[in-house]
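Worksheet: the structure to be examined is printed underneath.
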Amino acid sequence: MVKAVVLGASGGIGQPLSLLLKASPLIDELALYDVVNTPGVTADLSHISSVAKISGYLPKEDGLKNALTGADIVVIPAGIPRKPGMTRDDLFKINAGIVRDLAKGIAEFSPKAFTLVISNPVNSTVPIAAEVFKAAGVFDPKRLFGVTTLDVVRAETFTQEYSGQKDPSKATVPVIGGHSGETIVPLFSKVSPSFDIPADKYEALVKRVQFGGDEVVAAKDGAGSATLSMAYAGFRFSEAVIRASKGEKGVVEPTFVYLPGVPGGDAIAQATGVDFFSTPVELGPSGVEKAINVLDGVTEREQKLLAACVEGLKGNIEKGVEFVKNPP
Ligand code: NAD
Ligand code: LMR
């Protein structure tokens, strides 16, 4: 039996993500939590004739506790999105506190659940959740994930004309590092099955993967950021975690993890100099089974991208850790 919980379920990502989870035969129970509108979203989704039993909660009457109790997997898309002209870091002021408080709830009511953080800035919100779990004595790094799957999905889509895949998701394009601008590093030298990016297209393609979020923010023109593609990506990653938890072998997805706490992570932490980093991980019944080091043999251009990534990531991570250790 699998119970999934969405925190921030009434939002632009929360609603379509909840729809995909409700329709998934892998999920037996689905609980929706938000500070607004969960009764309506829950009533609507409850008419779908799928396996999952659905329930919805608001903060009143122990809503967070009731949503989280018994959870196996908790997905967090709660928090404000960007408007044109904003960076993801501009969201920190509001979203840091939201993620901290929700993580406190998880630590108390579902400490063994897999926790998937979508809320931006991911480079800081994941360290925030980790610090909250540490302080509560329940931190299991194998079970905490920053969701960077949208970067992978974009890389697969944007390279389709070179990969030649009819279904772009059949190309494996590792995207590592973090989830904002230059911290996002697509490794085109490591695609499989292998294909070449023309030299004159390389730079623009890297930039498009790094700044794909800005394309959507600009097109939505003040009405938010990516929601539908994010729901797709968040569902893809949730399904991967659940399939592996049920014993499926060979499930690999890049995700932003606490390297010193996961098997194989130390070597990546040493090579990069950061503790939180997105890298392909092999998933299993307990979460991260192995962090896969894809850094060996990267090209000179990729090394330069990685240097810029690490420089940006350090500050983002530190900011999240400090927010919990020394609250403002
Ligand atoms: P949205 O404003 O449409 O929805 C956010 C929802 O969170 C709202 O329903 C709101 O009521 C709810 N919420 C706010 N505070 C809450 C709390 N304390 N507890 C529970 N729910 C709460 O925003 P959105 O477009 O769905 O984006 C949500 C977040 O996801 C943003 O921070 C955005 O930047 C981020 N995002 C991340 C990725 C990624 O790749 N990781 C991609 C897209 C968006
Ligand atoms: C994205 O990559 O689409 C998200 O992180 C949302 C954003 O702010 O761009």
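The values are calculated or read from the model by the stated rules, or taken from the named source; none is laboratory data. In this text, all values refer to a predicted model and were calculated from it rather than measured experimentally. Glycine also receives a Cβ, built like all others from the backbone with ideal geometry; neighbour counts cover every protein chain displayed.
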List the residue pairs whose Cβ atoms are under 6 Å apart, where the first residue sits in the stretch 137-158 and is touching a residue at least 24 places away in the same chain (Cβ under 8 Å), the second is part of a loop (DSSP other than H, G, I, E, B) and among the hydroxyl-bearing types (Ser, Thr, Tyr), and the two are 6 or more positions apart or on different chains. Lys142/Ser286
Return the residues of the stretch 36-50 that are among the β-branched types (Val, Ile, Thr), surrounded by 15 or more Cβ atoms within 10 Å (Cβ to Cβ) and out of contact with any helix residue (DSSP H, G or I) (no Cβ under 7 Å at 6 or more places or on another chain); say none if nothing qualifies. Thr38, Thr42
In the stretch 131-164, anything small (Gly, Ala, Ser) and more than 16 Å from ligand 1 (Cβ to nearest atom) is listed as Ala135, Ala136, Gly137, Ser163, Gly164
Flag for Thr157 being at pLDDT 95 or above and crowded, with 24+ Cβ neighbours inside 10 Å: no
Hey, Lys60 hits all of (1) assigned to a helix (DSSP H, G or I); (2) without any contact (Cβ under 8 Å) to a residue 40 or more places away in the chain; (3) over 21 Å from Thr227 (Cα atoms) but one; which does it fall short on? (1)
Identity of the residue in the stretch 128-150, part of a loop (DSSP other than H, G, I, E, B) and at negative phi, that ends up surrounded by the fewest Cβ atoms within 10 Å (Cβ to Cβ): Ala136
Within 11 Å of ligand 1 (Cβ to nearest atom) and in contact with a Lys or Arg (Cβ under 8 Å, 6 or more places away or on another chain): which single residue out of Leu64, Leu91 fits that description? Leu91
Out of Gly79, Gly11, which single residue is on the phi > 0 side of the Ramachandran plot and part of a loop (DSSP other than H, G, I, E, B)? Gly79
Based on what the data block shows, is Pro84 at pLDDT 95 or above, within 16 Å of ligand 2 (Cβ to nearest atom) and surrounded by fewer than 16 Cβ atoms within 10 Å (Cβ to Cβ)? yes
Of all the helices (runs of 4 or more DSSP H) wholly in the stretch 167-278, which have at least 1 residues that are without any contact (Cβ under 8 Å) to a residue 24 or more places away in the chain? 199-210, 212-220, 265-272
Residue pairs qualifying under the 8 Å Cβ cut-off, at least six apart or on distinct chains, with the first in the stretch 64-93 being within 27 Å of Lys3 (Cα to Cα) and the second being assigned to a loop (DSSP other than H, G, I, E, B) and charged (D, E, K, R), are Ala78/Asp34
